[in-house]
Amino acid sequence: MDDTARFNLTEACIDAHLGAGRGGRSALRCGGRTITYAELADLVNGTAGLLRELGIGVEERVALVLNDGPEFIAAFLGAVRIGAVPVTFSTGLLPPDIRYQLENCGAKAVVASSEHAGKVDAAVRDLPGSRHLVVAGGVVSGGWRSYEELLRSAERVTRSVPTGEDDWCFWQYSSGTTGRPKAVVHTQRGAAFPREGHGRHVVGIGPEDRTFSVSKLFFSYGLGNSLLIPLQAGATVILEAGRPTPNVVFDLIARERPTLVYAVPTAYAAALAYEEEGNAADMSSVRMCISAGEALPAPLFDRWRSRFGLEILDGIGSTEIGYIAISNMTGHVRAGASGRVLPGYEARVVDAQGEPVSPGEVGDLWVRGGSTAAYYWRDRARTKRTFMGDWIVTGDKYVVDADGYFTHAGRSDDMLKVGGIWVSPLEVEACLIEHPAVLEVGVVGRADHDALVKPCAYVVLKDGRAPSAELAAELQTFVKKRLAPYKYPRWIEFRPELPKTSTGKIQRYRLRATA
Ligand code: 3UK
């Protein structure tokens, strides 16, 4: 190697445990099945072999459109093993978005759960170039090859490609108000760091821990929760392939007895509502609850603690930061705040010139530390705006107090975090304007009964169209059918006109004030 040290994430997640004689310990629990570290090693090594046999080489991208399960972990670490680069795709993407991302990252192979194969088919229909299509579980149709079948005969790759610590490890897509999503490029060493930051200092994770993340592996939060952190720690990861509704979550917690639960505030709110309706909820195995993705409102923290005797530790992270950098800690929680900077990170709240503001003043949050990404792939302009030297410009407004506690004060852009997932108001507006009854529309965030933000649409109808509950419902269905369903406006407010600037731009901040 030249001047960078050798490091491959797969060695830290797999080989380290086999080397230490921990191969017999359980690595994964999924669908009632245990997979030991030795068995996971075989899956990872076989997947590395099958990717290599397909012709995937160093630095080539492999798109994962996979549900949570052993295949996700095996495809991710199998790719990393051979120096290839897993690119995680949200399983909620519609074909046009899958198509864009496949073309943008130049994936040489796609590994998809059978449930998502149809969407990938539609996405690649007239996409230039070619790529291998590998389907996990279920029936194999035209153009696809079976993951299980390839795995059976694949060579086991037991030694990692000697990647350097600054080499590409994995990519993930992140979206903004305007423009297409951009691929966030993470390095090998950066990928390992969340275990040193949050994993060590907030959670104190060890081999006896059993993790369960309601947020899926394809999110950067879920990837840290269910792969990067627990597998390096030699812990057991509980995975659920299906939709994590409150009954599924509580059944799984009662059966699988996790010690660590990770979720977004919306999921904690839904779980609490379910329990308050009188459903069984056994949280006795859980020693810690972790939250991120959007701010955790103080009343939700209080209700959860009085019901279960557990603090929810809120922390802020981002796909660009690579995981959580600022967090509350057990016994030192400030409800409603994101907590304090973790060891291995620095954070500052700055003005428009990049100078720190005084404690108590609102400014822009910048973060740097061991897990931050390198840049956005093929997007020089947006890289320059977000990566300032080694600082990440988060796009969040924050206040820091004299004790070092950071409190979220909104976004610098109009982006909404809905259930921990980005929603661009512009995208929802562009969809609604296509409806024949809609003349003008402005979409903003509005707090629901749990103080969690959901999209609200202010709509001006065309002449001759009258507001009605039926039309409101029709507009909601219209969005759900065209965009990923979680983006639909939970409220439709009809208005005779919208607040505008002298140049005719809709003033979202005034709509926000109304909402
Ligand atoms: C917002 C929060 C207030 C904030 C993420 C943990 O959410 C994650 O990554 P994304 O790229 O979004 C990042 C943005 O989400 N946000 C996240 N957490 C909080 N706002 N309080 C919070 N606790 O706007 C941030 O810029 O989807 C979370 C770990 C890894 C992650 N990628």
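Taking the Cα atoms only, what angle lies between the long axis of helix 114-124 and the longest principal axis of the chain, rounded to 10 degrees?
Taking Cα atoms only, the helix is inclined about 70 degrees.
Please give the calculated 222 nm ellipticity per residue for the chain, where each DSSP H segment of at least 4 residues contributes -39500 (n - 2.57) and the sum is spread over every residue; nearest 500 deg cm²/dmol?
-8000 deg cm²/dmol
Put a dot 7 Å past each Cα toward the Cβ at residue 451 and residue 355; how far apart are the dots in nm?
Reported label-point gap for residue 355 and residue 451 is 3.4 nm.
On C-alpha positions alone, give me the angle between the axis of helix 469-482 and the longest principal axis of the chain, in degrees, nearest 10.
30 degrees
Enumerate the lysines that residue 481 could reach by cross-link, defined here as Cα to Cα under 21 Å, with residues fewer than 8 away along the same chain left out.
Within the straight-line limit of under 21 Å, residue 481 reaches these lysines: 119, 417, 454.
At a Cα cut-off below 17 Å, give the aspartates and glutamates reachable from residue 500, other chains included and same-chain residues fewer than 8 away excluded.
Those aspartates and glutamates meeting the cut-off are 414, 429, 440.
How many nm separate the modelled label positions at residue 439 and residue 409, each set 7 Å beyond the Cα in the direction of the Cβ?
Modelled inter-label distance: 3.8 nm.
Calculate the translational D of the chain in whole µm² s⁻¹ from Stokes-Einstein, where the hydrodynamic radius comes from the Kirkwood formula applied to all Cα pairs, the temperature is 20 °C and the viscosity 1.002 mPa s.
The diffusion coefficient I find is 90 µm²/s.
Taking R0 as 30 Å, what FRET efficiency do you get between residue 284 and residue 332 from their Cβ-Cβ distance, rounded to the nearest 0.05?
Computed FRET efficiency for residue 284 and residue 332 comes out at 0.80.
Specify the inter-centroid distance of the stretch 395-444 and the stretch 105-183, based on alpha-carbon positions, in whole Å.
What the calculation gives is 31 Å, centre to centre.
Give me the distance between the Cα centres of the stretch 330-376 and the stretch 213-242, rounded to whole Å.
25 Å
Can you compute the modelled spin-label distance between residue 159 and residue 430, with each label point 7 Å from Cα toward Cβ, in nm?
4.9 nm
Could you state the angle between the C-alpha long axis of helix 95-105 and the longest principal axis of the C-alpha atoms of the chain, as a value from 0 to 90 degrees rounded to the nearest 10?
Approximately 60 degrees, to the nearest ten.
Give a residue-ordered list of calculated ³J(HN,Hα) values for the stretch 420-430 (Karplus: 6.51 cos²θ - 1.76 cosθ + 1.60, θ = phi - 60°; whole Hz; x for Gly, Pro).
x, 10, 5, 10, 8, x, 5, 5, 5, 4, 4
We did not get these values from a lab; they are worked out from the coordinates using the rules stated. Everything numeric here is computed off the predicted structure, so don't read it as measured data. Every residue, glycine as well, gets a Cβ built from its backbone with ideal geometry; the counts of neighbours run over all protein chains shown.
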